[in-house]
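Enquirer: Dropping a structure here in structure tokens format, bear with me for questions.
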Amino acid sequence: MPEGITKQATIVQTLWNGAWIAALATGIVVWGLILWAAAFHRKKKNSIDQLPPQVRYNLPIEILYTVVPVIMVAVFFFFTARDETAITKVDGDAPVKVAVEGYQWSWRFTTDFQGQKAVTAGVPVDLSKQSLQTPQGPQLVLPVDTKIQFDLHSPDVIHSFWVPAFLFKQDVFPGNVHNKFEITTLNRTGVFFGRCAELCGVDHSRMLFSVKLVPQAEFAQYIKTQAGSAQ
């Protein structure tokens, strides 16, 4: 799993680690019971056609087998629902707003900051001429240590906005659909890959983009320059 670049990603990472620990603990118990049954409930050497004691019902054990899994599922559900609520919460007070339009087969990003807008759009990436190790497609520039709201829309089919370093992806639907989420970036600059994660047609694999995190002052200057050049 890549290192997260948002506060929400740290929540996902914690939930992921907890799920693995819980799964490992459950597995140890189950494997232990299986090995115990295999080791101590084998046929005895001198018992010819002798059946072990036959027990039809054991109410305490049956209650235990029912209650324990229910408690486990309830605990897993609680932590998952709690973290999902935190990750998908939209306060509406983000200083930076990004309208994301996914279309066959590229992206358009409209970034709104203090009344100024910067628009970046792309075309399907030519995979035969570019390295997968370098950023491709349109680049979305964002500031570090800032809350950012994304509003996702598609004019054609369902796409999926995915930046692996966010540890989160969101489907992009056509039509008038309320489809927003917010992130708070960490203080970590760099360029991070993004792509469509929903099979959307023949050139789905060419729907690549990148996210560049820059210092806040550099971002403000970028928006000012882009907004000025668009006038």
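Enquirer: Given (1) surrounded by 14 or more Cβ atoms within 10 Å (Cβ to Cβ); (2) part of a helix (DSSP H, G or I), identify the lone condition not met by residue 225.
Expert: Checking residue 225 against (1) surrounded by 14 or more Cβ atoms within 10 Å (Cβ to Cβ); (2) part of a helix (DSSP H, G or I), the one that fails is (1).
Enquirer: Given the residues 213, 199, which is the only one that is part of a loop (DSSP other than H, G, I, E, B), farther than 14 Å from residue 109 by Cα, modelled with pLDDT of 95 or more and of a type in the set (A, V, I, L, M, F, W, C)? Talk me through it step by step, then tell me what you get.
Expert: Values: 213 fails: part of a loop (DSSP other than H, G, I, E, B).
Only one candidate passes the filter, namely 199.
Enquirer: Which of the following residues is out of contact with any strand residue (DSSP E or B) (no Cβ under 9 Å at 6 or more places or on another chain) and either surrounded by 10 or more Cβ atoms within 10 Å (Cβ to Cβ) or within 16 Å of residue 171 (Cα to Cα) (or both): 68, 90, 100?
Expert: Values: 90 fails: out of contact with any strand residue (DSSP E or B) (no Cβ under 9 Å at 6 or more places or on another chain); 100 fails: out of contact with any strand residue (DSSP E or B) (no Cβ under 9 Å at 6 or more places or on another chain).
Going through 68, 90, 100 in turn, the sole match is 68.
Enquirer: Right, another one. Considering 151, 145, which residue is at pLDDT 95 or above and part of a loop (DSSP other than H, G, I, E, B)? Quick ask: steps written out before the conclusion?
Expert: Values: 151 fails: part of a loop (DSSP other than H, G, I, E, B).
Of 151, 145, the one residue that is at pLDDT 95 or above and part of a loop (DSSP other than H, G, I, E, B) is 145.
Enquirer: Hey, another quick one. Which members of segment 183-212 meet the condition of being of a type in the set (Phe, Trp, Tyr) and closer than 19 Å to residue 7 by Cβ? Walk me through it before giving the result.
Expert: Start the filter on segment 183-212 by keeping residues that are of a type in the set (Phe, Trp, Tyr), which leaves 192-193, 209.
Passing the criteria: only 192.
Enquirer: When segment 121-159 is examined, which residues are found to be surrounded by fewer than 20 Cβ atoms within 10 Å (Cβ to Cβ), under 30 Å from residue 91 (Cα atoms), among the polar types (S, T, N, Q) and out of contact with any helix residue (DSSP H, G or I) (no Cβ under 8 Å at 6 or more places or on another chain)?
Expert: Matches in segment 121-159: 139, 149.
Enquirer: Next question. What residue, of 195, 188, is surrounded by 16 or more Cβ atoms within 10 Å (Cβ to Cβ), among the charged types (D, E, K, R) and either touching a strand residue (DSSP E or B) at 6+ places or on another chain (Cβ under 6 Å) or more than 12 Å from residue 102 (Cα to Cα) (or both)? Spell out how you get there, then give the answer.
Expert: On the way: 188 fails: surrounded by 16 or more Cβ atoms within 10 Å (Cβ to Cβ).
Exactly one of 195, 188 is surrounded by 16 or more Cβ atoms within 10 Å (Cβ to Cβ), among the charged types (D, E, K, R) and either touching a strand residue (DSSP E or B) at 6+ places or on another chain (Cβ under 6 Å) or more than 12 Å from residue 102 (Cα to Cα) (or both), namely 195.
Enquirer: Would you tally the residues in segment 161-196 being in a strand (DSSP E or B) and without any contact (Cβ under 8 Å) to a residue 40 or more places away in the chain? Break it down into steps so the answer makes sense when it comes.
Expert: At the first step, the residues of segment 161-196 found to be in a strand (DSSP E or B) are 161-163, 168-172, 174, 180-185, 190-196.
Of the ones still in play, those that are also without any contact (Cβ under 8 Å) to a residue 40 or more places away in the chain are 162, 169-171, 174, 195.
So the answer is 6.
Enquirer: Okay, next question. Would you say residue 224 is among the charged types (D, E, K, R) and closer than 14 Å to residue 100 by Cβ?
Expert: No, not satisfied.
Enquirer: Turning to a different aspect of this structure: Test residue 109 against the criterion of being under 28 Å from residue 211 (Cα atoms), surrounded by 10 or more Cβ atoms within 10 Å (Cβ to Cβ) and aromatic (Phe, Trp, Tyr), and give yes or no.
Expert: On the way: under 28 Å from residue 211 (Cα atoms): yes; surrounded by 10 or more Cβ atoms within 10 Å (Cβ to Cβ): yes; aromatic (Phe, Trp, Tyr): yes.
Here the answer is yes, as residue 109 does meet what is asked.
Enquirer: Against the definition (assigned by TED's automatic domain parsing to the domain that holds residue 209, charged (D, E, K, R), in contact with a strand residue (DSSP E or B) (Cβ under 9 Å, 6 or more places away or on another chain) and in a loop (DSSP other than H, G, I, E, B)), how does residue 112 come out, yes or no? Explain how you work it out, then say what you get.
Expert: On the way: assigned by TED's automatic domain parsing to the domain that holds residue 209: yes; charged (D, E, K, R): yes; in contact with a strand residue (DSSP E or B) (Cβ under 9 Å, 6 or more places away or on another chain): yes; in a loop (DSSP other than H, G, I, E, B): no.
In short, no.
Enquirer: Let me ask another. Going through segment 73-108 one residue at a time, which ones are in contact (Cβ under 8 Å) with a residue 40 or more places away in the chain and part of a strand (DSSP E or B)?
Expert: 96, 97, 98, 99, 100, 101, 102, 103, 106, 107
The values are calculated or read from the model by the stated rules, or taken from the named source; none is laboratory data. Source: prediction; values computed, not measured. Cβ atoms come from the backbone with ideal geometry, glycine included; neighbour counts cover every protein chain shown.
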